[in-house]
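What follows is a set of notes on a single structure, which appears directly below.
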Amino acid sequence: MPDAPQLLKPRTLRDPAALVQAGLVSPEAQAGLERVAEHYAMAITPTVQALIDRSNPRDPIALQYVPNAAELVTLPSERSDPTSDAPFTPVKGVVHRYPDRALLKPLLACPVYCRFCFRREVVGPDGGLLTEAELDAALDWFAATPTVREAILTGGDPLMLSSRRLRHMIERLSAVPHLDIIRLHSRVPVAAPERINDDIIAALSTHKAVFLCVHANHGREFTAEAAQALRRLRLGGVTLLGQSVLLRGVNDTAEALENLFRTMLTHQVKPYYLHQLDRAPGTARFEVPIAEGRRLLRQLRGRLTGLAWPTYVLDLPDGSGKAPLGPDFARQQDDAWLVEGPLDGTTHRHGD
Ligand SMILES: *Cc1c(COP(=O)(O)O)cnc(C)c1O
Ligand code: SF4
């Protein structure tokens, strides 16, 4: 038996037994979840554990992170590489789909493992850290590809790197003349805010434009600690954007989305993308149909500050890119446009 102080010390939960011990799943569920754990990583940080409302079986925080036996069922429409990264990989760790920007995936570890993750077949605590030589080759690729103006650090989560490795990468990218923008996509500010320390802020300091796109799906994820981490990043010269996934049970009401986007704005995080769910294996329980997503956003237009409005996108499974899904307020008819007023739904004719 572990002694009492060890039990009380908050730690990241990484396996079904730990989830049972923490009271997040029932003992009867453990056997099924052991099978989930054979396929998919799990991790719930102390910050996220503290956010979970154990009295609510449909808690929107728990739904995002607590594994479920439903993950063992893969539908015919689900793909292991739902955004087709593999065919667009010129060197290990790089995904180059658009002419002016490319992804750099220095590692595949994350602070938490989201149950709906589009890269769930590859992310995990011990996978995918590029060796020094591989990282050098990836950075050389950026230096040798002048059409690329923006390096997008993703993974996994780039803020899981040590500050030394992160600093090295930012320095190398900053020295490339044709790169104007360094962008990071991260869940660390909300899921493991204590990692945003002075060393990380110093590592992100560069004369290039730095954007950080924070992944959050529910207003409650913005804790006091997350607020502090975001403030540090902002004071460190980083422009903050938000990205969310439209998820059944988590943010599939106009109220939940309004609260999420308004909360982002109070932390000077500009909602950037609302993603339609990518069909990764075992994620069907999270899918909200596109028609419903468009309806939800339509309800928010007009009632919510324009700053709160994200672009609703689908990353096409064949690698054709991210396509905006609307909603549209205008359609062409003969030589005019019929435009819907977002305040009252009335239709207005606008001659071409
Ligand atoms: C999502 C993605 C980007 C970034 O796209 P933006 O629309 O600029 O946010 C870039 N490259 C790849 C391969 C992507 O999947
Ligand atoms: S943080 Fe992003 S990459 Fe990591 S598990 Fe969640 S969705 Fe996947």
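In sequence order, what are the phi-derived ³J(HN,Hα) couplings for the stretch 224-229 according to the Karplus relation 6.51 cos²θ - 1.76 cosθ + 1.60 with θ = phi - 60°, rounded to whole Hz, with x for glycine and proline?
Ordered by residue, 3J(HN,Hα) equals 4, 5, 5, 4, 5, 4 Hz.
Would you mind telling me the antiparallel percentage of the DSSP bridges in the chain, rounded to 5?
In the chain, DSSP labels about 40 percent of beta bridges as antiparallel.
Cut-off 10 angstrom, C-alpha nodes, Gaussian network model of the chain. Which of LYS322, LYS270, LYS105 fluctuates the most?
LYS322
Restricting to DSSP H runs of at least four residues, report the calculated mean residue ellipticity at 222 nm for the chain, -39500 (n - 2.57) per run over all residues, nearest 500 deg cm²/dmol.
-8000 deg cm²/dmol
Given a cut-off of under 8 Å on Cα pairs at least six residues apart, what relative contact order in percent is computed for the chain?
15 percent
With θ set to phi - 60° and the Karplus curve 6.51 cos²θ - 1.76 cosθ + 1.60, what are the ³J(HN,Hα) couplings of the stretch 299-308 in order, to the nearest whole Hz, using x for Gly and Pro?
5, 7, 5, x, 8, 10, 3, x, 4, 7
Check which residues have an amide H placed less than 5 Å from LEU314's amide H, if you skip close sequence neighbours.
Here GLN276, ALA323, LEU325 satisfy the definition.
What is the distance in Å between the Cα centres of the stretch 278-352 and the stretch 162-197?
32 Å
Please check: in the Gaussian network model of the chain (C-alpha springs, under 10 Å), which one of THR283, THR145, THR45 has the largest mean-square fluctuation.
Maximum among the listed residues: THR145.
Report the residue, chosen from VAL269, VAL25, VAL94, that carries the largest GNM mean-square fluctuation when the chain is represented by alpha-carbon nodes joined by springs under 10 Å.
Taking springs between Cα atoms under 10 Å, the residue moving most is VAL25.
Under 5 Å between amide hydrogens, which residues at least 5 positions from LEU241 or on another chain qualify, with H placed 1.01 Å from N in the peptide plane?
It is LEU212, CYS213, VAL214, LYS270, by chain and number.
Work the Kirkwood hydrodynamic radius out for the chain: mean of 1/r over every pair of different alpha-carbon atoms, inverted, in Å.
With all distinct Cα pairs of the chain included, I get 21.5 Å.
From the phi of every residue in the stretch 245-258, what ³J(HN,Hα) in whole Hz does the Karplus formula 6.51 cos²θ - 1.76 cosθ + 1.60 yield, where θ is phi - 60° and glycine or proline is x?
After applying 6.51 cos²θ - 1.76 cosθ + 1.60, I find 10, 6, 10, 4, x, 9, 8, 9, 10, 4, 5, 5, 5, 4 Hz.
Determine the shape class of the stretch 309-351: with a ≥ b ≥ c the square roots of the Cα gyration tensor eigenvalues, call it rounded for a/c under 1.5, and otherwise prolate if a/b is greater than b/c, oblate otherwise.
It comes out oblate by the Cα gyration axes.
Using modelled amide H (1.01 Å from N, peptide plane; none on Pro or chain starts), what sits under 5 Å from the amide H of ARG149, excluding residues fewer than 5 places away?
Under 5 Å from the amide H of ARG149 lie the amide H atoms of ARG101, each far enough along the sequence or on another chain.
Here, each number is a calculation from the coordinates, and none is a lab measurement. Here the structure is a predicted model, which means the values were calculated and not measured.
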